[in-house]
Amino acid sequence: PPFDYTYNAAGGHYLSTTDDLARLGLALLDGSLLDAETLDTLMVSQATRDARPTGWSHGWFVITDGAEPELRINGSNPGSWSHLRVYPESGLVIAMGTNTWGRTARERPSGLMALMNEVHSIVSEPG
C-alpha cells in the first residue's frame with residue numbers, strides 16, 4: 001500500500017540488507033563498534049521509576065529470559081520486515097529479512113518470530 005516514509009527517514013532501513021545487519025551484529029561483538037564496557041551497558045534493560053525492567057535498552061530489546069542473554073532489533077514497513085538478534089556470550093548473530101510485514105506475520109505461532117526462534121535453536125545446538 002502507499003505509505004508516507006518521511007516520518008522515519010532518519011530511522012534508516014532504506015538501503016540495508018541482511019548482510020548489513022549481520023555485519024552490524026558482528027561489529028557489536030568484535031569490539032569494532034562499541035568497546036566491551038559499552039556493550040555491557042547496552043545489555044542492561046532500562047527500568048521504570050519503580051525499578052521494573054522495561055526490556056528495552058538504548059534502542060534495542062534486551063532479552064534475558066532464555067538460555068543466553070540477547071539483543072534484538074527489528075523494523076517493518078509495508079511489504080517488508082527485518083530482524084536482528086545478537087548473542088554476545090556465544091558470538092552468534094542471526095539476521096532475517098522478508099517480504100511480508102505486520103503483527104500477524106510476526107507473532108502468530110508459525111510466524112516470523114517463531115521462525116527466528118527455530119533458526120536460533122538449530123544453529124546454537126552443540127555439534
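Under a crude label model (7 Å from the Cα following the beta-carbon direction), how far is Ser32 from Ala67 in nanometres?
2.9 nm
How much area per residue is accessible in region 34-87 when the probe is 1.4 Å and only protein heavy atoms are counted (Å²)?
56 Å²
Counting other C-beta atoms within 10 Å, and keeping those with at most 11, which DSSP coil trypsin sites (Lys or Arg not before Pro) do you find in region 20-106? If you can, show how the numbers build up before the last one.
Numbers: sites: Arg23, Arg49, Arg72, Arg85, Arg103, Arg106; in loops: Arg49.
Here the sparse-neighbourhood loop sites are Arg49.
Applying 1/(1 + (r/R0)^6) with R0 = 22 Å to the Cβ-Cβ distance of Thr17 and Met113, what FRET efficiency is obtained, to the nearest 0.05?
0.60
The values are calculated or read from the model by the stated rules, or taken from the named source; none is laboratory data. None of these values were measured; they are calculated from a predicted model. Heads up, the Cβs are rebuilt from the backbone with ideal geometry, glycines too, and the neighbour counts pull from every protein chain shown. To get the accessible areas, we keep the full protein, side chains included, count just its heavy atoms, and leave off ligands, DNA and RNA. Shrake-Rupley method; radii C 1.70, N 1.55, O 1.52, S 1.80 Å.
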